[in-house]
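See structure below.
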Amino acid sequence: MYDYLIVGCGFAGSVLAERLANAGYKILIVDKRDHIAGNAYDFYNEAGILIHKYGPHIFHTNSAEVFKYLSRFTAWRPYEHRVLASVDGQLVPIPINLTTINKLYGLNLSALEVEDFLASKAEKRSPVRTSEDVVVNVVGHELFEKFFRGYTKKQWDMEPAELDASVTARVPTRTNTDDRYFTDTFQAMPLNGYTEMFRRMLSHERISIMLQTDYRDLIDVIQYKNLIYTGPIDSFFDFKYGKLPYRSLNFEFQTLDVEKYQTTGTVNYPLNNLYTRISEFKHLTGQKHDKTTIVFEYSSAEGDPYYPIPRRENQELYDRYKKLAAEVPNVYFTGRLASYKYYNMDQVVAQSLALAKKLERLNEQ
Ligand code: FAD
Ligand code: UDP
């Protein structure tokens, strides 16, 4: 008899498994894939280069609690991600900053002057509702077209005007020369990779792991008191209200006989090519190797669900599933797919830590 059956070995499921096992409960955690770590899974490829199977994962957080918690299972390598965008035949920093504007327009503006420059371009929108509004409101149509419209169309197969503001709001605009993609307090990569961190998290005498196992094949076979579900919420309810749309990706990996392919971790292609971006893992991992592996990301409607699609009608459908979820006794939903939220890794960890505390309190009563 297990206290908890946990569906999904990603951040959401693994953090709960660790916390609840630590609190004395007996856990069975399952994943239909043949590995732990969910979408954060990394491994050494044939050439011996550490790569991320589901695209580049860069850890960043403002939460000291989350960072401290994960630090129990890994040491870290400091890493600040930088991204260039290929626009008008040049590679310029994205998020748009002072350098981007000066390079693109052949100017030599100061931080103060660039504020006026952007203000003169901005088209004020009120209210700011969509992913187009967010960008146009601050930098105007021209820069929106160059950096955001094409990329968003490729990534989501939708116009930015059809997506919630929160999507492009992930990428700020700066008037200084800070060219980091993220500005969080903690920015680092697990020193020996994500999978190793998960392996340590799940190495506990009260945790059993079953891979290549769909939980549906187990629920009538094993005995458990509670279920924690981190897969897509619509699938749990057999799509009773219809399918929630998710966006998928196809990854094309190439290993090249050169030490470095590009000057930065990721280069975005908002205007050209079918792929959205190329990432080179050695920048992220700091690995020394005479070859390098890069990954091209092609967005797709078919395939594993990776991204919930933030827009009102999807939120409304999710809310119906959420209501249903609240009525199922002893079943808890958490994580990016089960919450239908465009969460980063640290947000998922924070959500699972909060749920673990709640469950421990519930069990004490
Ligand atoms: P997942 O990692 O998806 O885990 C859910 C697991 O449940 C999966 O392994 C799945 O196989 C399993 N499962 C589903 N259904 C079943 C079933 N029926 N039976 C058994 N198992 C099942 N975040 C960052 O913070 N920084 C980044 O740089 C970053 N980059 C990203 C890049 C890409 C291309 C993508 C797609 C995401 C990125 N993320 C990034 C987000 C990050 O991947 C997620 O926040 C995080 O992995 C979510 O963890 P999770 O446990 O909720 O979900
Ligand atoms: N985006 C864009 N151009 C860029 C980078 C991002 O239009 O050069 C938009 C696009 O809609 C993208 C969203 O901003 O999906 C969020 O970008 P982020 O890099 O956070 O995406 P993720 O890493 O989650 O795929």
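Considering the conditions (1) within 27 Å of residue 283 (Cα to Cα); (2) within 15 Å of ligand 1 (Cβ to nearest atom), residue 85 is excluded by exactly one of them, (2). Just for segment 310-349: of the residues that are surrounded by 19 or more Cβ atoms within 10 Å (Cβ to Cβ) and assigned to a helix (DSSP H, G or I), which one is farthest from the chain's Cα centre (by Cα)? Among them, the one singled out is 321. Do we have residue 48 as in a helix (DSSP H, G or I) and either more than 15 Å from ligand 1 (Cβ to nearest atom) or more than 27 Å from the chain's Cα centre (by Cα) (or both) here? It is false that residue 48 is in a helix (DSSP H, G or I) and either more than 15 Å from ligand 1 (Cβ to nearest atom) or more than 27 Å from the chain's Cα centre (by Cα) (or both).
Figure legend. Inter-residue proximity from segment 159-178: first residues of a type outside the set (D, E, K, R), second residues open to solvent by 40 Å² or more (accessible area, probe 1.4 Å) and not in a loop (DSSP other than H, G, I, E, B), beta-carbon distance below 7 Å, spacing 6+ or different chains. Indicated pairs: 160/149; 173/138; 175/111; 175/115; 176/111; 177/99.
Conditions (1) closer than 30 Å to residue 9 by Cα; (2) not hydrophobic (A, V, I, L, M, F, W, C), marked per residue:
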{"residue": "93", "(1), (2)": "no, yes"}
{"residue": "102", "(1), (2)": "no, yes"}
{"residue": "111", "(1), (2)": "no, no"}
{"residue": "130", "(1), (2)": "no, yes"}
{"residue": "139", "(1), (2)": "no, no"}
{"residue": "147", "(1), (2)": "no, no"}
{"residue": "194", "(1), (2)": "yes, yes"}
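Only helices (runs of 4 or more DSSP H) whose full extent lies in segment 128-174 are considered here, and the ones with at least 2 residues that are under 17 Å from residue 311 (Cβ atoms) and aliphatic (A, V, I, L, M) are 131-143, 165-168.
For segment 174-184, a residue qualifies if it is within 15 Å of residue 118 (Cβ to Cβ) and open to solvent by less than 50 Å² (accessible area, probe 1.4 Å), and the qualifying residues are 174, 175. Note on segment 88-102: residues that are surrounded by fewer than 16 Cβ atoms within 10 Å (Cβ to Cβ) and not in a strand (DSSP E or B) total 2. Residue count for segment 246-274, restricted to those that are open to solvent by 20 Å² or more (accessible area, probe 1.4 Å), without any contact (Cβ under 8 Å) to a residue 60 or more places away in the chain and closer than 25 Å to residue 340 by Cα: 1.
Within segment 16-45, the set of residues being within 15 Å of ligand 1 (Cβ to nearest atom) and in a loop (DSSP other than H, G, I, E, B) comprises 31, 32, 33, 34, 35, 36, 37, 41. Elements of the type strands (runs of 3 or more DSSP E) sitting completely within segment 219-293 and holding at least 2 residues that are within 16 Å of ligand 2 (Cβ to nearest atom) and not charged (D, E, K, R): these cover 246-256, 266-268, 277-280.
Could you please find all residues in segment 27-80 being within 14 Å of residue 187 (Cβ to Cβ), away from ligand 2 (no atom under 16 Å from the Cβ), surrounded by 20 or more Cβ atoms within 10 Å (Cβ to Cβ) and of a type outside the set (Phe, Trp, Tyr)? Hits for segment 27-80 are 66, 70.
Does residue 117 satisfy the criteria of being outside any loop (DSSP other than H, G, I, E, B), at negative phi and surrounded by 20 or more Cβ atoms within 10 Å (Cβ to Cβ)?
no
The values are calculated or read from the model by the stated rules, or taken from the named source; none is laboratory data. These numbers come from a predicted model, not from an experiment. Don't worry about glycine lacking a Cβ; one is built from the backbone with ideal geometry, like all the others, and counts go over all protein chains shown. For the accessible areas, the whole protein counts, side chains as well, though only heavy atoms, and no ligand, DNA or RNA atoms are used. Shrake-Rupley method; radii C 1.70, N 1.55, O 1.52, S 1.80 Å.
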